[in-house]
Amino acid sequence: MNYSSYIALIPLLPLAGFLMLGMGGKDRFKGSAGGIGTFLLLISAALAAYTAYQYFFVNGKIQDVYQPVTALKFTWLSFSENLSIDMGIVLDPISVMMLVVVTFVSLMVHIFSLGYMKGEERFSTYYSFLGLFTFSMLGLVIASNIFQIYIFWELVGVSSYLLIGFYYKRPAAVAAAKKAFIVTRFADLGFLIGILVLGLNGGSLDFNTLVERLTDPQSPQLVDMTATSFLGISVITWALTLVFIGGAGKSAMFPLHVWLPDAMEGPTPVSALIHAATMVVAGVYLVARLFPIFYFNHLALQIVTWVGALSAVIAAIIACTQTDIKRVLAYSTMSQIGYMMFALGVSGYGGEAGLGYTASMFHLFTHAFFKSLLFLGAGAVIHLVHSNEIKDMGGLQKLMPVTHFTFLIACLAIAGIPPFAGFFSKEEILLAASLHHPIIYYIALVTSGITAFYMFRLYFSIFWHKKTDKEKQPHGEGTVSMKIPLILLGAGTLLAGFIPFSSLVTTDGIPYHSEFHLSFSLLPVALGIIGIATAYILYFRQNDRPQRISSTLGGLYQLAYKKFYIDEIYLFITKKIIFNLVGKPAAWFDRHIVDGCINGIATVTASISSAIKGIQSGKVQQYALYFFGGILTLAILFIYLWT
Amino acid sequence: MIKDFFILLKQELTVTIILFILLFIKIGVKEMPARIVLNIINALLFLNLLAGFLFIRAGSLFGDMFQTSELISFEKNLLNLGTLIISLQSYHWLKNHKHALEFYMLMLSTLLGMFFMISSNNLLMLYLGLELSTIPLAALANFDLEKRRSSEAAFKMIISSAFSSGLLLFGISLVYGIHGSLNFAILAQGYSASPLGLFSFILLLAGLGFKISAVPFHLWTADVYEGAPVPVTSYLSVISKGAIFFVLVSLLYNVFGNISDTWYHMVFVLSVLTMIVGNLFALRQQNMKRFLAYSSIAQVGFILIGISGQSSAGSSSVIFFILIYLFSNLGAFGIVSLVSSVTGKEDIDDFRGFYQTNPLLSWVLAISLFSLAGIPPTAGFFGKFFLLLAGAGKGNYIWITIAALNMVLSLYYYLRVIRALFMEKQEQPIPKINAGWSPKIAMIICVGGIIVTGLFSGGYTYIHSFFIK
């Protein structure tokens, strides 16, 4: 059956919403903007669900193997004699899964924002930006071609810039938006060069063609890319590593994660959309897209593994010390994405060996539910107490029963307690790691204990800790539109774990049956429970134990609290070194030498000697000197030294 | 025979005819109001643009001194388009100017010079065209007659260009000394990498590098750009630069193909210097024109990457980029020009809170800057990507990395302007500006161009088709 007729609508509907609300200006759709945006996305989500049903259960399988389906394809332009750029839509298990995730979470955020953003001055602008973001993210997901993915990749960056900076009157938000944009753009330059290397050496930009050519050891392209090397590392490894740098930037992997915590300055539902389920997993998605090529390149895969594992553990430690609830969630996201990343890194290829790949995608799927639930829950809490700080919260369990209950579910899920979704996916990741990479397995195990601890630290501090103080919180939990998404996502978190993922998403499209090992699960679950218990002791009631511990740990605590000083290092490099050493002298030179000549020499001498003679003589001579110097340097370089 | 003459030379002839019409208006007995004159001129320039697309033929004239082809006609049309846009944009500035007609006469003379330069098939012809396109420009830079900075700019420009022309001419005479001919075809056959040959090439490259303001031949740029009236600045930074790039591509590829190994590395050095210096200076500029001047220097570095590709993709991506650059840079300059002529304000800080009073103009400026920064879905993204793709074909990834780093750096300062427009406030922002219809048409052309050329592949495919025989 022909997919193309309606699949293109899935991204185009949010785009239509963006154009309509964006063109309408601030006032035309003031009342109805939310309704319009939500309605369009509802259709989009329904179409995505239908597509998934069609693909997974009706006609995606050919002879028991899930085949990639090209729903739409045309040659956009032919760049040179041997390189043309196609555009198209590709459907395969991961893109279909992502379609569902993105549209569903986006829909939830649209609904939640109806209540949360109500009364905002730029309400319709907000919905138009949401539409633009959803469009770009969907476009990224279904791209059949690495250049196409790059276009949408950048668009996602632009729209997240707009969304993070939505509260543009707050300087912190503006700075955070800029930081996110520039850091990810910096990472994207790796991606860009990676694309150029892959495209020019692989002779194609199409994913399927690239995968075909670069996984076949006999293909001339792969032979060539393995044989030629730069700085002792083969070209193919360079290409993959560069592409991965782009992915690591978007997915906030260490050390390119500095933008993520700051990005929490955006509206909270936006964080639920961008920083939980969609944009930040783009890097994981990209590696998964090219996974077969990565698999055949040991070094690149090792980099993926270690960056993922390091990010997972570092972020978890930092999360234990943060006091802004959104920042805790931000670091937790980074940590969980680290899991997905190293799960890809430890994965094999084909059949059950590809467990890591399946587990990674599975975790991406379940994480989307519980993390956006956590963010939306945090949004509801912030809506109530008007603060992001843990110290302003406590004892909220009676005031907001729905939020409390769903938040608890999500915390249990992320802590890996059965039967919640996070348990299943995390178990698979741990299993894959234990089979292929013991060191990583232990890192992951420890991290999962820490995860349980900091999540319950958050939970107890928000909802228990103090006595309920009803008088301080005059208004209730929030509108119905804010509760519905919480409940739906909570249901998702309860049920998503039971989806037999290994029969849907595998490295080679061949479904298999993954076994459940009770004995294996005991240890991680036990660690999770220990983490929760510790959090209970420390944070359930008000006491001074946390203080004591942090003062005992002293320097170590400070180190984690200050996020290992990574931000400071970046600041040092950009502000101190680049600005002071290069930018300032350049500007100084311009202002004093170049301008100074005009202002100083010109005004003084002009009054003395005749206008023409005086104004510029010293100056232009200097220009001529540089000009001549340039010629001489070129001549010396290329006539005497070069040949 | 005579028919050939008229058809092959038709673009030059149309411009000349317009020049004469203007002259007749000028010396006409009755003085016309400036508004009507400007509208007539815009209409003429529009007809000139349309006429460029008719009767396109390839051939040569004047004993092989002059040649034309489909590609060359297309390039001239691009310049016509740019001139028309600038003319539309300068409406506010010129409507009160006493010498509006002279402005056009000078501008069209330079355009004529560029046409001859692009069509040249001989170094002497090239030189003639180059001079014709430079000297009136210096007079144009002086066109804010009462401002001292404007005359200063003109003065600097004429002296610097005289210097660079002198060296260029020296280079040409050396070439003649070696080969006994200045014809491109003859040079292409026999050009060798002898020291003298290389030296004369370097002189030629420096002379052209001066015009495109490649570092270290760029020093005149910022002063002249800042001092000259905004329309002249945009003319300098887009039209005159674009024309030189057309010439440079054909010279490097067709005439100096023999020494391509050497010029590749020279272009590499120039490009890297140009990108870095342009960006670092742009980073801290406060004056909008100076900021655009330095950022356009940085763009030159990118275009040089495309040139280094030495393939059909290389030349097509350069011409494609110039088309995009024309829309983007003129879009940005158009707004600056409008604001400057209405309020006299030119600093970035003056633009704070601009969105509050002029949302539409802010968007036009923002889209243009996004395109200059190379952010999708604007055309600038595709243009830059193609330049890099063409350049990367040579396998010099160090160069590409430097370029990509510079793209990030440039994003930093483009965002600074965007932030001033949309996110910052001041007590007395620039008041609402009524643009009037002719600058509005220019804005529509620019924004339309920025969106359409990027997303639809037709533009690139069309340009690329000239190079595939």
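Just check the stretch A:20-89 against the gyration tensor rule for me: Cα atoms, a ≥ b ≥ c as the square roots of the eigenvalues, rounded for a/c under 1.5, and otherwise prolate or oblate depending on whether a/b exceeds b/c. Because a/c hits 1.5 or more and a/b fails to exceed b/c, the stretch A:20-89 counts as oblate. Sorting B:312-318, A:34-40 by average packing, meaning the other beta carbons within 10 Å per residue, from highest down gives B:312-318, A:34-40. Please work out the FRET efficiency for the pair B:ALA43 and B:LYS147, using the Cβ-Cβ distance as r and a Förster radius of 30 Å; give the result to the nearest 0.05. Taking R0 as 30 Å, the efficiency between B:ALA43 and B:LYS147 is 0.50. Let's test this: bin the Cα-Cα distances of the stretch A:65-118 at 10 Å from zero up to the farthest pair and state each bin's percent. Values per bin, smallest distances first: 20, 27, 25, 19, 8, 1. May I ask for the distance between the Cα centers of the stretch B:290-305 and the stretch A:64-137, given as a whole number of Å? Between the Cα centre of the stretch B:290-305 and that of the stretch A:64-137, the gap is 34 Å. An oblate overall shape is assigned to the stretch B:27-182, the ratio a/c of its alpha-carbon gyration tensor axes (a ≥ b ≥ c) being 1.5 or greater and a/b not exceeding b/c. When shorter helices are ignored and each DSSP H run of at least 4 residues is given -39500 (n - 2.57), the per-residue value for the protein assembly as shown at 222 nm works out to -22500 deg cm²/dmol.
Scaling against 2.2 N^0.38 Å puts the C-alpha radius of gyration of the stretch B:343-431 at 1.34.
Look at the stretch A:181-191: the mean tally of other chain Cβ atoms within 10 Å of its residues' Cβ atoms is 4.
Across peptide A:74-87, the average count of Cβ atoms from other chains found within 10 Å of a residue's Cβ is 5.
Using the Cβ-Cβ distance between B:LEU196 and A:THR228 with R0 set to 35 Å, the FRET efficiency works out to roughly 0.40.
With θ taken as phi - 60° and the Karplus curve 6.51 cos²θ - 1.76 cosθ + 1.60 applied, the whole-hertz 3J(HN,Hα) list for the stretch A:484-491 is 4, x, 4, 5, 5, 5, x, 4 Hz, x standing for glycine and proline.
Which of rounded, prolate or oblate describes chain B when judged by the alpha-carbon gyration tensor and an a/c cut-off of 1.5? Note, shape of chain B comes out oblate. Its convex hull of Cα atoms gives the protein assembly as shown a direction-averaged projected area, equal to a quarter of the hull surface, of 46.9 nm². Peptides A:329-342, A:181-194 ranked from most to least packed, by the mean per-residue count of other Cβ atoms within 10 Å: A:329-342, A:181-194. Computed extension gain for A:GLN302 through A:LYS118, at 0.36 nm per residue and net of the alpha carbon distance, reaches 61.5 nm.
Centroid-to-centroid, using Cα positions, the stretch B:88-147 and the stretch A:154-222 are 43 Å apart. Scanning chain B for GluC sites (Glu not before Pro) that sit in a DSSP loop and have at most 15 other Cβ atoms within 10 Å, the longest stretch containing none of them is B:147-426.
Report, in listed order, any pair from A:LYS118/A:LYS326; B:LYS26/B:LYS345; B:LYS345/B:LYS432; A:LYS179/A:LYS483; B:LYS345/B:LYS425; B:LYS10/B:LYS156 with a Cα-Cα distance greater than 23 Å. Distance filter (> 23 Å) returns B:LYS26/B:LYS345; A:LYS179/A:LYS483; B:LYS10/B:LYS156. Rounded to the nearest 0.05, the FRET efficiency derived from the C-beta distance between A:MET23 and B:SER465 at R0 = 35 Å is 0.50. Remark: mean inter-chain Cβ contacts per residue of A:628-636 equal 6, using a 10 Å Cβ-Cβ cutoff to other protein chain atoms.
Put a dot 7 Å past the Cα of A:ILE439, heading toward its Cβ, do the same for A:LYS391, and the two dots end up 4.1 nm apart.
Computed extension length for A:TYR53-A:LYS169: 37.3 nm, one decimal, from 0.36 nm per residue of separation with the Cα-Cα distance subtracted. When peptides A:410-418, B:38-46, B:361-369, A:384-392 are ranked by their average number of other Cβ atoms within 10 Å per residue, the highest-first order is A:410-418, B:361-369, B:38-46, A:384-392. How big is the gap, in Å, between the Cα center of the stretch A:416-456 and the Cα center of the stretch B:430-469? Taking the Cα centre of each part, the stretch A:416-456 and the stretch B:430-469 sit 54 Å apart.
With semi-axes defined as the square roots of five times the eigenvalues of the C-alpha gyration tensor, the equivalent ellipsoid of the stretch A:84-172 measures 28, 16, 8 Å, largest first.
Read the figures in this text as sums done on the coordinates, not as results from a lab. Note that the structure is predicted; figures quoted are calculated from it, not measured. Here the Cβ is made from the backbone with ideal geometry for all residues, glycine too, and neighbour counts use every protein chain on show.
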